[in-house]
Amino acid sequence: MKKFNPSVTLLLFFLVACSSTPDKASVLISSPTGNEVWGIGSNQVISWDAKNWDANDFLVLTLEGEAGGEIVCLDREDFTKNQCAWAVEGVLRGDIVAEIEPGKYTLTARLYDDLICTTGEGCDQYEESPKLKAKDSVNIVIE
């Protein structure tokens, strides 16, 4: 009769656990690539490459800077094509759309594991905040 070898069992458990670990989600902004200059009133397309998304994942695009906010896409259906057409006129700040101002900004794509409440109204119904899974940023100039 063979003796039980706990180190072999532990090694097999480790190999199975490591091989079944799902790949980490990622998002990479592919356009703009950085330091582009966009004119106020122009229409721009923001696009990204994403890997290992789940059906419940939610992407938020923000413009960070002195007068930034959430980017509101012209057609939310574009998200299924990994793109967002944006009229460079305003951003969402809380419950209002505010005019965009000239300046240097950081465009950020954040991927969350569930729907995230970004406006004030109705946000109190969310008991738990979604977790950030991945993000990417590029710099742009708006004039």
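Only one of the numbered conditions (1) at pLDDT below 60; (2) open to solvent by less than 70 Å² (accessible area, probe 1.4 Å) is not met by SER31, and that is (1). Specify which of the listed residues (ASP75, ASP57, ASP95, ASP49) is among the acidic types (Asp, Glu), at pLDDT below 85 and within 13 Å of the chain's Cα centre (by Cα). Exactly one of ASP75, ASP57, ASP95, ASP49 is among the acidic types (Asp, Glu), at pLDDT below 85 and within 13 Å of the chain's Cα centre (by Cα), namely ASP57. Right, SER19: modelled with pLDDT of 90 or more and at negative phi or not? In short, no.
Of the strands (runs of 3 or more DSSP E) lying entirely inside region 22-94, those containing at least 1 residues that are out of contact with any Asp or Glu (no Cβ under 8 Å at 6 or more places or on another chain) span 26-31, 36-38, 43-51, 58-64, 83-87.
The values are calculated or read from the model by the stated rules, or taken from the named source; none is laboratory data. This one's a predicted model, so the numbers in the text were calculated from it and none came from an experiment. Quick reminder, even Gly has a Cβ in these numbers, built from the backbone with ideal geometry, and neighbours come from all protein chains shown. In case anyone asks, the SASA skips ligands and DNA or RNA and just uses the protein heavy atoms, side chains included. Shrake-Rupley method; radii C 1.70, N 1.55, O 1.52, S 1.80 Å.
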